[in-house]
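Here is the structure we will look at, set down as structure tokens.
The values are calculated or read from the model by the stated rules, or taken from the named source; none is laboratory data. All of these numbers come straight from a predicted model, not from anything done at the bench. Note that we place each Cβ from the backbone using ideal geometry, even for glycine, and neighbour counts take in every protein chain shown.
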Amino acid sequence: MNSGGLMPEQASNFAQEMDLLYYVLIGLTVFFALLVFVPMLYFVVKYRAGSKADRTRPTYHNLKLELAWSLIPLAMGLVVFVWGAKLFVEMYTPLESENALQITVVGKQWMWHLQHPTGQRENNELHIPTGRPIQLTMISQDVIHSFFVPAFRIKRDVLPGRYVTMWFEATKTGRYHLYCAEYCGTDHAKMTGWVYVMKPEEYERWLVASKWGAVSDAARDTMAEAGERLYNDMQCNSCHDPAAQNAPSLAGLFGKERRLSDGRVVTAGEDYIRRSIYKPNSMKVIGYEPIMPTYEGLIDEQEVLQLIAYIRSVRDEADDLTGRETTPEGDS
Amino acid sequence: MSVHILPVKVYVRVFVALMVGLAITVWVATQDLGTWNTIVAMTIAVAKAMVVALFFMHLRYSSRLTMIWAGAGVFFLLILFALTMGDFDTRWFQVKGW
Amino acid sequence: MSHTDAPKGTDYLHADYSIKSWLLTLDHKRIAILYLITISLFLAIGGSMALIIRMELLTPEGDLLMSDTYNKAFTVHGVTLIFFFLIPSIPAVLGNFLIPLMIGARDVAFPRLNLLSWYVFTTGGTLGVIALVVGGVDTGWTFYTPYSTSFSNTAVVTAVFAVFFAGFASIMTGLNFIVTIHKMRAPGLTWSRLPLFIWAQYATSVIMVLGTPVIAITLLLIAAEKTLRIGIFDPALGGDPILFQHLFWFYSHPAVYIMILPSMGVISELIACFSRKRIFGYEFVAYSSIAIAVLGFVVWGHHMFVSGQSMYAGMVFSVLSFLVSIPSAVKIFNWIATMHKGQIRLDSPMLYALGFIGLFTIGGLTGLFLAVMGLDIHVHDTYFVVAHFHYIMVGGAILGFFGGIHFWWPKITGRLYPEILGKLSAVLIFIGFNFTFLPQFIAGYLGMPRRTHSYSEEFQVLNVLSSAGASILASGTIIAVAYLLWSLWYGEKAGRNPWNAKGLEWETSTPPPTTNFERTPTVTEEAYAYGPDDESGEVNNERD
Amino acid sequence: MSVTERELELGHQFEDLEQQTEAYTVGMWVFLVTEVLFFGALFMAYIVYRSMYPQDFFAASGELDIALGGLNTAILITSSLTMALAVRSAMLDRWKAQIGYILATMGFAFAFLVIKYFEYSSKFEHHLFPGEHFDFKGENGEHAEMFFSLYFAMTGLHGIHVLVGILIMVALVYRTWRMRAQRQDYIPIELTGLYWHFVDIVWIFLYPLLYLIGPLGSGKG
């Protein structure tokens, strides 16, 4: 791990800038601390009771000085604010790029479930390649956790009931600590793990090796395939197949607009699909009867993520031909 | 706060104003003004509250200090509303980003 | 001002020895003593928990305590010290004792309400400590949902109700002080002649009155959600845990200013007295207290940058957090400027004041790290945050409290504490404190998460250092408490004005008579009128 | 009733009566500020959840009886009038009129609580109290339970304040009756009046926000 130094390892694309920001703020702290301590100690010595220092004409007011030590620190502060805000937005804005490795994280009381798009599922461990942006889509099954890898300088609270995303790019191979930063109960301290950063080719070998021992073909599924298997097992196709009329077809749904019965138009992202699965009659699509039963308790968060991966992978032939966005569902 | 005794007439007039306000509120609620319904309902409610505060609670004849404190409560409540809704209403921007 | 001292036996301490006269007193000075006793007990309980936590963290594996025992220990430490010690400490003890004296009044505006606030506080505090220690609560002092409402099966409802009940004492004290300072000042005592301690107490009372009701209702909603299963904060029933955090921090950030502002008031008094010089930029220091009180209510979102709050709200809170740091900077710089061309005496209250300036400056500046959104991503919920708020709460609030207790001890008890031991404990506390919390900044940036009873091996060196420092800090505190208690019986009798300080509270006899002043004083000069003539600096301990 | 000013009860800490009166009034207003924020946090929750689930709120609000709510609002406004007149007669030392008006106010307050009782009991029968056996048959009632949680929290807290108001008024009537022989200080009645008008103002906001939303006539907003 780190060389017992005072700074954590820099193993991600954000680490450099974060540490620079940290040093700048340490500089500011030292500057202002000296600005306070040096005159203080000097006055304590020079003007100690009974000393022969010149105490004539003491001053009690100086507007220019007051304004100086109000506005200058504020100006410095705002500069640092802008830099910090830029870094924050960069880290927390979801990635649009295609070659990002989409890892899904499910926080559960006192362990982390992680899933690779190619189907590998890991607990408290994450194997990732360097040189490729990693996008984490995270949700919690119970209380608020917080996915924290100090070496990558990344942290985000994992909320129950809502997906949050975070991205980074590992730059240094090695094994790094994973912690849960938000207090989540009895074994909050044990909810830790490891992130293994490997060279891209090593990662490919790991992907294959981790599937080597797979016995049932279910274990060999990618996430999308696992989602499809679940889609059929739960007979979602009985309603949602394009042939059947009593439910909106899910082909090419991802990213499209959906008009709801109360007039709201919603883009069908992960949250929309998850809420439609767990709370169907709060997301009634216009023109369809609200007959979908709730699957809360039947399908856990990991399986919902697999279903989303599957729905994301189902292309709508009409889209591919014309390549343009079809009108929001239900307007026809 | 000098002992300011208002004629009964003032109180009765305030009472009538409040009753009229109630009637208007109910009537407006039956009209379909879309989002305007809430805005109108709230302005009437604020007006009624002001009337009660100024006359029934003698705020109009109270010292400036009392008025400042009456205003302070509402001011800090609005801070809570404004900044919290600032969070809830701007969450969906997130996807588009900087 | 005549130097006649009140004849023996008529000062407030010795006026009546019966228990009833103490438990049913309406005298603000006696109520201050009652508060001092109660909060000292809570300080002892909370402080001992701190030592247990530091012992546990000596080793990386959690081997001293089981994990949920440790969780209960840091919850007791947090809830007891914040709600039952820090928030009431200076306002209820020094504020109660000094405000009427400093403004030349016979008592606070509502004496009965004052006594009621002590009973409400002590009942709430005792019920809270019983729930925390006997029942055990493992949610931390923040009670974050949905853990506190749906997943923790510990005595959360009792503890939450106890804090809710004790909160009313805060509201009563705040209300009492606001009306007292507005309405009961002596003739001639205009706002610009008020001691800065009064300005700070006024700003603190404003925060207490405006903030406490919001956390009262939030705690009630937690209790309601746990008992009636309503889903206000429960995501499964459509609630949003982030709303809880908004309502919680809307009070809890101004609460940190409730803790620090009174100490700032004490430090203004100490710096002025021990530099024998009027405060530099009096209006700026006075209005900065009010600015802190008002701006304190618009920055709470910086506790929630990583918690799923929208980044645009985060930016608003981040900018405002930089704005709120300015009044504190103004105070620090003005104190330093006050010492320019003064007659500085390094008695123990002054040592505490200088310690305050040192530690509070570090605490305030590290707060800026957390206000920077980008950096907060890495340091949020790590030991960096723990070190930051301990620098403010212990380095600031507790040092200010100790400084104030030492400075006004002669006036409160009529006894002098041993000065040498006073200096020793001040230095010990300063060294011990830095030893304890500087290593935590480093551990925090290295990534050690907070509230964990076991940690990775590479943090052990820093934690052992920190635990060692904690023992020095504890020994310094114990020495201070010991000689203060000792001085009650064996301390030298104090004269009317042992520090030769300016201020109405020093005009009356020591300890003051029950009605404070023979006749209401009139004020003709401004605060801290340390004129050149008596800047001789020697302290005459009038023994009349 | 020729009693000098001096005999009015003056706290030892106050210099004169005017200072005492002003102190109590400012003190009461500061207390009302804490009440504003106490209810304010619940209004905050209402605003957040109504902006999240507007349709559910409209559907759930349909269950409430507008007429009863309106009647309650009228009752509270009238009780505010009688309380204001009670304060006025206290200032004029007409203790008989004062007791009469206070009893009227208590009557209206009691009527308010009786109506609330009927409203609550009908909700319980329709299983609309949030908890395990809450079931809402309305059209889009997925989050109707949230509306009812807020409904019971807000109107319940308001109801407790009305109850406390009645108890204070009982004490007040007894005190006025006991001290009818001498000239009485109008401070206690003035403060009770301020408290009562505040309770009325809270209901003035509660009624439109809880009862008058949703599809009443053709209105959807």
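Matching residues to (1) surrounded by fewer than 23 Cβ atoms within 10 Å (Cβ to Cβ); (2) within 11 Å of another protein chain (Cβ to nearest Cβ); (3) of a type outside the set (A, V, I, L, M, F, W, C); (4) touching an Asp or Glu at 6+ places or on another chain (Cβ under 9 Å):
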position	(1), (2), (3), (4)
D:Glu35	yes, yes, yes, no
D:Gly69	yes, yes, yes, yes
D:Thr82	yes, yes, yes, no
D:Ala111	yes, no, no, no
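I'm checking my understanding of the structure. Among residues of segment C:315-332 that are surrounded by 22 or more Cβ atoms within 10 Å (Cβ to Cβ) and polar (S, T, N, Q), which one is farthest from the other protein chains (Cβ to nearest Cβ)?
This residue is C:Ser328.
Here is a yes/no grid of residues against (1) assigned to a strand (DSSP E or B); (2) out of contact with any Cys (no Cβ under 9 Å at 6 or more places or on another chain):
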{"site": "A:Thr165", "(1), (2)": "yes, yes"}
{"site": "A:Tyr176", "(1), (2)": "yes, yes"}
{"site": "A:Cys184", "(1), (2)": "no, yes"}
{"site": "A:Glu201", "(1), (2)": "no, yes"}
{"site": "A:Trp206", "(1), (2)": "no, yes"}
{"site": "A:Leu230", "(1), (2)": "no, no"}
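Quick check, is B:Val40 among the β-branched types (Val, Ile, Thr), under 16 Å from the mean Cα position of the chain (by Cα) and closer than 28 Å to C:Val179 by Cβ? Break it down into steps so the answer makes sense when it comes.
On the way: among the β-branched types (Val, Ile, Thr): yes; under 16 Å from the mean Cα position of the chain (by Cα): yes; closer than 28 Å to C:Val179 by Cβ: no.
So B:Val40 does not fit the description; no.
For residues that are polar (S, T, N, Q) and modelled with pLDDT of 65 or more, scanning just segment A:297-324, find the one that is farthest from A:Gly107 (Cα to Cα). Steps first, please.
Going through segment A:297-324, the residues polar (S, T, N, Q) turn out to be A:302, A:306, A:313, A:322.
When the remaining residues are screened for being modelled with pLDDT of 65 or more, the result is A:302, A:306, A:313.
Values: A:Gln302: 10, A:Gln306: 16, A:Ser313: 24 Å.
Looking at residues that are polar (S, T, N, Q) and modelled with pLDDT of 65 or more, I get A:Ser313.
Which residues, counting only those in segment C:63-108, are assigned to a helix (DSSP H, G or I) and of a type in the set (Asp, Glu)? Lay out the reasoning, then the answer.
So the first thing to find is which residues in segment C:63-108 are assigned to a helix (DSSP H, G or I), and the list is C:67-102.
Selection gives C:Asp68 alone.
Pick out the one residue from C:Gly447, C:Gly414, C:Gly422 that is within 30 Å of C:Leu370 (Cβ to Cβ), surrounded by 18 or more Cβ atoms within 10 Å (Cβ to Cβ), of a type in the set (Gly, Ala, Ser) and in contact with a Ser or Thr (Cβ under 7 Å, 6 or more places away or on another chain).
On the way: C:Gly414 fails: within 30 Å of C:Leu370 (Cβ to Cβ); C:Gly422 fails: within 30 Å of C:Leu370 (Cβ to Cβ).
None of the others qualify; the one that does is C:Gly447.
For every residue, the table says whether it meets (1) closer than 23 Å to B:Arg64 by Cα; (2) within 14 Å of chain A (Cβ to nearest Cβ); (3) in a helix (DSSP H, G or I).
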site	(1), (2), (3)
C:Gly167	no, no, yes
C:Pro187	yes, no, no
C:Met208	yes, no, yes
C:Thr218	no, no, yes
C:Ile230	no, no, no
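Filter segment C:82-114 for residues that are surrounded by fewer than 24 Cβ atoms within 10 Å (Cβ to Cβ) and within 20 Å of C:Gly128 (Cα to Cα) and give the result.
Matches in segment C:82-114: C:Ile82 only.
Within the set of pairs 6 or more residues apart or between chains, which connect a residue that is buried (at least 17 other Cβ atoms within 10 Å of the Cβ) inside segment C:117-140 to a residue that is among the small types (Gly, Ala, Ser) and outside any helix (DSSP H, G or I) with Cβ atoms less than 8 Å apart?
What qualifies is C:Ala131/C:Ala155; C:Leu132/C:Ala155; C:Gly136/C:Ala155; C:Val137/C:Ser152; C:Val137/C:Ala155; C:Asp138/A:Gly185; C:Asp138/C:Ser152; C:Thr139/C:Ser152.
For segment B:56-74, what are the residues that are at the interface with chain D (Cβ under 7 Å from one of its Cβ atoms) and either assigned to a helix (DSSP H, G or I) or among the basic types (Lys, Arg) (or both)? Please lay out each step first, then the result.
To start, the set of residues in segment B:56-74 that are at the interface with chain D (Cβ under 7 Å from one of its Cβ atoms) comprises B:56-57, B:62-63, B:65-66, B:69-70, B:72-74.
Hits for segment B:56-74 are B:Phe56, B:Leu65, B:Thr66, B:Trp69, B:Ala70, B:Ala72, B:Gly73, B:Val74.
In the set C:Tyr312, C:Tyr287, which member is modelled with pLDDT under 95, surrounded by fewer than 22 Cβ atoms within 10 Å (Cβ to Cβ) and assigned to a helix (DSSP H, G or I)?
Values: C:Tyr287 fails: modelled with pLDDT under 95.
None of the others qualify; the one that does is C:Tyr312.
Among the residues that make up segment A:35-57, is at least one of them facing another protein chain (nearest Cβ under 9 Å), touching a residue at least 40 places away in the same chain (Cβ under 8 Å), in a helix (DSSP H, G or I) and more than 22 Å from C:Tyr287 (Cβ to Cβ)?
No, because not a single residue in segment A:35-57 is facing another protein chain (nearest Cβ under 9 Å), touching a residue at least 40 places away in the same chain (Cβ under 8 Å), in a helix (DSSP H, G or I) and more than 22 Å from C:Tyr287 (Cβ to Cβ).
Go through segment B:29-53 residue by residue and tally those that are more than 18 Å from D:Phe57 (Cβ to Cβ), more than 7 Å from every other protein chain (Cβ to nearest Cβ) and out of contact with any Phe, Trp or Tyr (no Cβ under 9 Å at 6 or more places or on another chain).
Residues in segment B:29-53 being more than 18 Å from D:Phe57 (Cβ to Cβ), more than 7 Å from every other protein chain (Cβ to nearest Cβ) and out of contact with any Phe, Trp or Tyr (no Cβ under 9 Å at 6 or more places or on another chain): 5 in total.
Considering each residue of segment A:1-18, count those that are in contact with a helix residue (DSSP H, G or I) (Cβ under 9 Å, 6 or more places away or on another chain) and either at pLDDT 95 or above or assigned to a helix (DSSP H, G or I) (or both), and give that number.
Residues in segment A:1-18 being in contact with a helix residue (DSSP H, G or I) (Cβ under 9 Å, 6 or more places away or on another chain) and either at pLDDT 95 or above or assigned to a helix (DSSP H, G or I) (or both): 3 in total.
Can you tell me how many residues within segment D:113-140 are free of Cβ contacts under 8 Å to residues at least 24 places away in the same chain, of a type in the set (A, V, I, L, M) and assigned to a loop (DSSP other than H, G, I, E, B)?
Number satisfying all stated conditions: 0.
Would you please name the residue that is nearest to A:Arg132 (Cα to Cα), looking only at residues in segment A:12-34 that are of a type in the set (A, V, I, L, M) and more than 8 Å from every other protein chain (Cβ to nearest Cβ)? Walk me through how you get there before you give the answer.
Filtering segment A:12-34 for residues of a type in the set (A, V, I, L, M) gives A:15, A:18, A:20-21, A:24-26, A:28, A:30, A:33-34.
Still in the running and more than 8 Å from every other protein chain (Cβ to nearest Cβ): A:15, A:20, A:24, A:26, A:30, A:34.
Working: A:Ala15: 16, A:Leu20: 23, A:Val24: 29, A:Ile26: 32, A:Val30: 38, A:Leu34: 44 Å.
Looking at the filtered set, the residue picked out is A:Ala15.
From (1) of a type outside the set (Val, Ile, Thr); (2) over 12 Å from the mean Cα position of the chain (by Cα); (3) crowded, with 19+ Cβ neighbours inside 10 Å, pick out the condition that doesn't hold for D:His197.
Condition not satisfied by D:His197: (2).
Residue check: is A:Phe152 surrounded by fewer than 24 Cβ atoms within 10 Å (Cβ to Cβ) and either in contact with a Cys (Cβ under 6 Å, 6 or more places away or on another chain) or at the interface with another protein chain (Cβ under 10 Å from one of its Cβ atoms) (or both)?
no
In the list D:Tyr46, D:Tyr101, D:Tyr24, D:Tyr117, which residue meets the criterion of being closer than 30 Å to D:Phe136 by Cβ, buried (at least 16 other Cβ atoms within 10 Å of the Cβ) and of a type outside the set (A, V, I, L, M)? Outline the logic, then answer.
Numbers: D:Tyr101 fails: closer than 30 Å to D:Phe136 by Cβ; D:Tyr24 fails: closer than 30 Å to D:Phe136 by Cβ; D:Tyr117 fails: buried (at least 16 other Cβ atoms within 10 Å of the Cβ).
Step by step, each of D:Tyr46, D:Tyr101, D:Tyr24, D:Tyr117 is checked, and only D:Tyr46 is closer than 30 Å to D:Phe136 by Cβ, buried (at least 16 other Cβ atoms within 10 Å of the Cβ) and of a type outside the set (A, V, I, L, M).
I'm trying to understand the selection: among the residues of segment C:355-393, which are within 30 Å of C:Asn500 (Cβ to Cβ), at the interface with chain A (Cβ under 7 Å from one of its Cβ atoms) and of a type outside the set (Val, Ile, Thr)?
From segment C:355-393, those within 30 Å of C:Asn500 (Cβ to Cβ) are C:355-361; that's our starting set.
Checking the rest, the ones that are also at the interface with chain A (Cβ under 7 Å from one of its Cβ atoms) come to C:357-358, C:361.
Listed by number, the list holds a single entry, C:Gly358.
Kindly indicate whether A:Tyr60 is in the same structural domain as A:Glu169 (by TED's automatic domain parsing) and not hydrophobic (A, V, I, L, M, F, W, C). Full working, then the answer.
Values: in the same structural domain as A:Glu169 (by TED's automatic domain parsing): no; not hydrophobic (A, V, I, L, M, F, W, C): yes.
For A:Tyr60, the condition - in the same structural domain as A:Glu169 (by TED's automatic domain parsing) and not hydrophobic (A, V, I, L, M, F, W, C) - is not met.
This table checks each residue for (1) at positive phi; (2) in contact with a Gly (Cβ under 6 Å, 6 or more places away or on another chain); (3) not small (Gly, Ala, Ser).
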{"site": "C:Ala44", "(1), (2), (3)": "no, no, no"}
{"site": "C:Ile52", "(1), (2), (3)": "no, no, yes"}
{"site": "C:Leu58", "(1), (2), (3)": "no, no, yes"}
{"site": "C:Glu61", "(1), (2), (3)": "no, no, yes"}
{"site": "C:Asp68", "(1), (2), (3)": "no, no, yes"}
{"site": "C:Lys72", "(1), (2), (3)": "no, yes, yes"}
{"site": "C:Thr80", "(1), (2), (3)": "no, yes, yes"}
{"site": "C:Pro88", "(1), (2), (3)": "no, no, yes"}
{"site": "C:Val93", "(1), (2), (3)": "no, no, yes"}
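For segment C:333-351, enumerate the residues that are more than 8 Å from chain A (Cβ to nearest Cβ) and assigned to a loop (DSSP other than H, G, I, E, B).
Of all residues in segment C:333-351, those more than 8 Å from chain A (Cβ to nearest Cβ) come to C:335, C:338, C:347-351.
Residue satisfying the conditions is C:Asp347 alone.
If you go through segment C:176-184 one residue at a time, do you hit one that is away from chain A (no Cβ under 14 Å), closer than 30 Å to D:Glu15 by Cα and in a loop (DSSP other than H, G, I, E, B)?
Taking segment C:176-184 first, the residues away from chain A (no Cβ under 14 Å) are C:176-184.
After this cut, where a residue has to be closer than 30 Å to D:Glu15 by Cα as well, the list is C:176-184.
Now restrict to residues that are in a loop (DSSP other than H, G, I, E, B): C:184.
Among the residues of segment C:176-184, at least one is away from chain A (no Cβ under 14 Å), closer than 30 Å to D:Glu15 by Cα and in a loop (DSSP other than H, G, I, E, B), which makes the answer yes.
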